[in-house]
Amino acid sequence: MELIQLKAKVREFVGNSPARALRRTGEIPAVIYGPGKETVLLSVSTKELEDIFKKSNVGQVILNLEIQNGGLHTRTAMIKELQVHPVSRKYLHIDFYEISMDRKIKVKVPIVTRGIAKGIDLGGMLQVVRRDIDVLCLPVGIPKAIEIDITELDIGDSIHVRDILLPEGVEIPADVNYTVVTVLVTKVEEKVAEEEGEVAEETEVKEETKTGGKE
């Protein structure tokens, strides 16, 4: 996976007023931290971030942060959290998490279904329970998406996360096995089944009445 360059500056001030002033200049406040690493206050260009997000998934992009603080040093990081204003949708704050390229990390990867479940032809309805799943992999091996074949799913069948065939080098976190997709019985089918059951019961009652309840 490509390392994307992003320039950052060390900032000294914290609080709402300095943050608002920073945003007016076209930058947003940020921090970078990681295992055994000191937290550093930063600011980054809003425009540069927008350009990156047009081409990459926020949760999967790997950044080579060029931090300017008198000199210049770089730190490899991913986006841990991006705060966005609920109305204006403007970026408010961003957290960077420093990573090592030779150690596995946990990331969310989108799920893509392939085919049409055979249960749908029988009146079922496909329900995608999870649109993405957590996986462990090296930063350079993050898949853009994980595809699962649903063609053999019948009504009542499910695919759990442990059933998914993963790319080489990608694994599921331990002790996790939630449902990803399932084929449900539709309300129409349930109603038909109920009505058929009621008809069968009525028929049995009539037969018992005719025979006096005797066998």
DSSP-defined beta bridges in segment 1-121 - what % are antiparallel, rounded to 5
70 percent
Can you pull the one-decimal nm distance between simple spin-label points at THR179 and GLN5, each 7 Å off the Cα toward Cβ?
4.9 nm
Dimensions in Å of the chain - Rg and Dmax from alpha carbons
27.0, 100
Given the options ILE159, PRO173, ASN57, identify the residue whose Cα lies farthest towards the positive end of the charge dipole of the chain (+1 on Cβ of Lys, Arg; -1 on Cβ of Asp, Glu).
ASN57
How do LEU136, LEU6 line up, fewest other C-beta atoms within 10 Å first?
LEU136, LEU6
Ranking MET125, MET78 by Cβ neighbours within 10 Å, fewest first, what do you get?
MET125, MET78
My understanding is that a pair violates if its Cα-Cα distance is over 26 Å; which of LYS37/LYS144; LYS7/LYS37; LYS55/LYS118; LYS9/LYS144; LYS80/LYS144; LYS9/LYS37 do that in this structure?
LYS37/LYS144; LYS55/LYS118; LYS9/LYS144
Working only with C-alpha atoms, what are the Rg and Dmax values of segment 3-99, expressed in angstrom?
12.7, 38
Could you point to the residue in LEU136, ALA19, SER88 farthest towards the positive end of the chain's charge dipole, with +1 and -1 charges on the Cβ of Lys/Arg and Asp/Glu respectively?
ALA19
With +1 on each Lys and Arg Cβ and -1 on each Asp and Glu Cβ, and nothing else charged, work out how big the dipole of the chain is about its Cα centre, in Debye to the nearest 20.
2180 debye
I want the antiparallel fraction of DSSP beta bridges within the chain, as a percent rounded to 5.
75 percent
The chain - mean residue ellipticity at 222 nm from DSSP helices (-39,500 (n - 2.57) per run, n ≥ 4, rounded to 500)
-7000 deg cm²/dmol
Separation of alpha-carbon centers, segment 142-186 and segment 66-138, rounded to whole Å:
18 Å
Kirkwood Rh in Å, taken over all unlike Cα pairs in segment 67-170
17.0 Å
Run through the DSSP bridge list for segment 106-190 and note the antiparallel percent, rounded to the nearest 5.
80 percent
If THR151, THR182 are placed from fewest to most neighbouring beta carbons inside 10 Å, the sequence is THR151, THR182
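Since every read-out is calculated from the coordinates, none of them should be taken as a lab result. These numbers come from a predicted model, not from an experiment. Neighbour counts are summed over all protein chains in view; Cβ atoms, including those assigned to glycine, are modelled from backbone coordinates with ideal geometry.
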